[in-house]
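K.L.:
To start, I am sharing the structure in question, which I have written as structure tokens.
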Amino acid sequence: MGSLKALCNVSLLQLFIVLCLVFQCFATRRHADLRTTLVVDASDATGRPIPETLFGIFFEEINHAGAGGLWAELVSNRGFEAGGPNTPSNIDPWTIIGNESSIIVETDRTSCFDRNKVALRLEVLCDSEGDNICPNEGVGVYNPGFWGMNIEQGKKYKVIFYVRSTESLNLTVSLIGTNGVGNLASSTITGTAADFSSWTKVETLLVAKATDHNSRLQLTTNTKGVIWLDQVSAMPQDTYKGHGFRTELFEMLSALKPKFIRFPGGCFVEGEWLRNAFRWKATVGPWEERPGHFGDVWMYWTDDGLGYFEFLQLAEDLGAIPIWVFNNGVSHNDEVDTSAVLPLVQEALDGIEFARGDPTSKWGSLRAAMGHPEPFDLRYVAVGNEDCGKPKYRGNYLKFYHAIRTAYPDIQIISNCDGSSRALDHPADMYDYHVYTNANDMFSRANTFDRTSRNGPKAFVSEYAVTGKDAGTGSLLAALAEAGFLIGLEKNSDVIEMVSYAPLFVNANDRRWIPDAIVFDSYQMYGTPSYWVQKLFVESSGATFLPSTLNTTSSNQLIASAISWKDSTENKNYIRIKVVNFGRGTETIDISIDGFPVGQQFGCTKTVLTSDNVMDENSFAQPTKVVPQTSSAVNVESKIQAILSPFSVTSFDFLIL
């Protein structure tokens, strides 16, 4: 009896042990099943070349991106021509110094410039002596620029204006501090009535003796008489290469290593009405002679100092290929009939000649006269913007297509319509794809091009961004959804030629559209999380796409890709793996790189973009709140285990040692 009891006890103990082992095995198996793995095939035979042009930038004159932004001109409405639909001209934001007893200010049409006839007339009623003595500071006008001029101690500013006068001239040109307090720099222009009886160009160089981020340009006098002013410009002398681009904003673009730049829009190209569309011929030649125009889509005036020539120069300075978008006879509200569109076709052909023509050609000679005798590297043109659904677009497009193909057979032509299903009646080299949507939808669109036909024109994803409440004014959530979308585009780069985010810039004082990649004001700037996501993809253009397999049973949404690329400056080879964790949970991932000998050593740099709250944003107060954080390790092998933070994008760079 006792032996039987002992046997039962042993059997129960053994059964318990077996059950424990089974449970442990099941738990281990379950844990293993939940482990995420990524296997990258880096063998020589499996890679696919990514287009050299894949990632670039898109510039549109929106949010005062150029006028008051990248274009460094400090004076707003320098020609006194600004006006909206019901105001042909006004002097805003110019402000009068003095009262009605000392000065009368009005505009007239007596300028010496044929294409911008408005001039400012100042009738000075006071004097330095007599019964009506001028105030100590004199009378005249001041211009606050674009929400304040950034003037910095020791820097030089060239002021140019045109002036004529009925009497001897004694005009003081000053840079004045916030609220009109503090003289930062000044110069006095004097001469007899005979010297200024006709329009005269005046230049003066001001050197700032203090710093003020909210300064203004002031022109004052205390001499009675009538003075006319026109085309008043103030430019800092430290623009990039002297080409007129605000250096620190240019450098933020340069850091993206863009392979192309699409310009000048966007809806800016179309206009609400054709009369306000961007027309390249009105934006070239001497800046004083450019008429400027009212951009009725984004509702502000631009003097077009940043014109067609300057966009081409910007592309060259960035080492990027220019992509010119021109109007095809279609605006938001009116259209040119196909039977009457040939003048616009000729305008497009002339624009290509301006960029590429011999310096002895009609339009190439104008480019040469502007200081660039060598042709620009214009290889791509886009016929219109978001116009495919307009009644006249397809007929107009064919007129442009055949004329350009005949005259310039090497030019790549981009349509607003997907030509892959209409190859016979709608030929195109590429087609535009634009998407603005919420975060979940953007992330899901990583698979959009998986089933796209591999024949026919390639896609140009020229505008994409998360918008709405998910985006805020530039959230981490938006950036992560976009990162997932970009990984999908990278995977499908056999049918996608180019990709660019939109919009690129926003002046914090004029947010016409949110979010944007780069936020700035007169003197400071920061990149949104979307800007920093773009930086994680800068090495993909021209790299080799490596096949990879991601296996997971996690509830998190994960997406990954891998490329091999070479750092040409250091002559070193890398494998870059990017993984987006679009979920709330921490994720452990096992990464294996196949195709290398056993024991192959790597250096590894890990870069993570995340934050405590998925809606976190950067700001002027905290410009680096959401930016990539980098750590490094050496002697890493081809199999590693890593932790993916919730709501994060992680980039691993493996340096092949």
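K.L.:
Can you list the strands (runs of 3 or more DSSP E) lying wholly within the stretch 585-648 that have 3 or more residues being in contact with a strand residue (DSSP E or B) (Cβ under 6 Å, 6 or more places away or on another chain) and either under 30 Å from TYR523 (Cα atoms) or in contact (Cβ under 8 Å) with a residue 60 or more places away in the chain (or both)?
P.N.:
587-594, 602-609
K.L.:
Taking the stretch 542-556 as the region of interest, how many residues are surrounded by 19 or more Cβ atoms within 10 Å (Cβ to Cβ) and in contact with a Gly (Cβ under 8 Å, 6 or more places away or on another chain)?
P.N.:
So the answer is 2.
K.L.:
Please list, ordered by residue number, the strands (runs of 3 or more DSSP E) wholly in the stretch 490-572 having 2 or more residues that are among the aliphatic types (A, V, I, L, M) and more than 25 Å from ILE589 (Cβ to Cβ).
P.N.:
Hits in the stretch 490-572: 496-499, 518-520.
K.L.:
Also: Of a type in the set (D, E, K, R) and surrounded by fewer than 19 Cβ atoms within 10 Å (Cβ to Cβ): which single residue out of ARG216, ARG246, ARG262, ARG275 fits that description?
P.N.:
Only one candidate passes the filter, namely ARG275.
K.L.:
From the list SER111, SER102, pick out the single residue that is surrounded by 13 or more Cβ atoms within 10 Å (Cβ to Cβ) and without any contact (Cβ under 8 Å) to a residue 60 or more places away in the chain.
P.N.:
SER102 is the lone residue from the list that is surrounded by 13 or more Cβ atoms within 10 Å (Cβ to Cβ) and without any contact (Cβ under 8 Å) to a residue 60 or more places away in the chain.
K.L.:
Would you check if there is a residue in the stretch 456-477 being at pLDDT below 95, outside the structural domain of ASN581 (by TED's automatic domain parsing) and farther than 24 Å from SER548 by Cα?
P.N.:
yes
K.L.:
Go through the residues of the stretch 366-380 one by one and say whether even a single one is under 28 Å from THR53 (Cβ atoms), buried (at least 21 other Cβ atoms within 10 Å of the Cβ) and either among the hydroxyl-bearing types (Ser, Thr, Tyr) or outside the structural domain of GLU272 (by TED's automatic domain parsing) (or both).
P.N.:
Yes, that holds for at least one residue.
K.L.:
Counting just the residues of the stretch 471-489 that are buried (at least 24 other Cβ atoms within 10 Å of the Cβ) and in a loop (DSSP other than H, G, I, E, B), which one comes out nearest to the chain's Cα centre (by Cα)?
P.N.:
GLY474
K.L.:
Go through the stretch 165-210 and count every residue that is closer than 22 Å to ASP238 by Cα, of a type outside the set (Val, Ile, Thr) and out of contact with any Leu (no Cβ under 8 Å at 6 or more places or on another chain).
P.N.:
Matching residues across the stretch 165-210 total 2.
K.L.:
Separate question: Hey, among VAL466, VAL499, which residue is crowded, with 20+ Cβ neighbours inside 10 Å, within 15 Å of the chain's Cα centre (by Cα) and under 23 Å from ILE261 (Cβ atoms)?
P.N.:
Being crowded, with 20+ Cβ neighbours inside 10 Å, within 15 Å of the chain's Cα centre (by Cα) and under 23 Å from ILE261 (Cβ atoms) holds for just one of VAL466, VAL499, which is VAL499.
K.L.:
Another question, if that's okay. I need the strands (runs of 3 or more DSSP E) fully contained in the stretch 386-466, keeping only those with at least 3 residues that are touching a Lys or Arg at 6+ places or on another chain (Cβ under 8 Å) and over 18 Å from GLU335 (Cβ atoms).
P.N.:
Result: 430-437.
K.L.:
I've got another one for you. What about SER493, is it within 20 Å of the chain's Cα centre (by Cα), outside the structural domain of PHE620 (by TED's automatic domain parsing), of a type in the set (Ser, Thr, Tyr) and surrounded by 20 or more Cβ atoms within 10 Å (Cβ to Cβ)?
P.N.:
It is false that SER493 is within 20 Å of the chain's Cα centre (by Cα), outside the structural domain of PHE620 (by TED's automatic domain parsing), of a type in the set (Ser, Thr, Tyr) and surrounded by 20 or more Cβ atoms within 10 Å (Cβ to Cβ).
K.L.:
Among the residues of the stretch 319-356, count how many are touching a Leu at 6+ places or on another chain (Cβ under 6 Å) and over 19 Å from CYS267 (Cα atoms).
P.N.:
Total meeting the criteria: 2.
K.L.:
Same structure, new question: On the basis of being more than 23 Å from TYR393 (Cα to Cα), surrounded by 20 or more Cβ atoms within 10 Å (Cβ to Cβ) and hydrophobic (A, V, I, L, M, F, W, C), does TRP287 make the cut?
P.N.:
yes
The values are calculated or read from the model by the stated rules, or taken from the named source; none is laboratory data. Nothing here was measured: the structure is a model prediction, and the numbers come from that model. Positions of Cβ are backbone-derived with ideal geometry, glycine not excepted, and every protein chain shown enters the neighbour counts.
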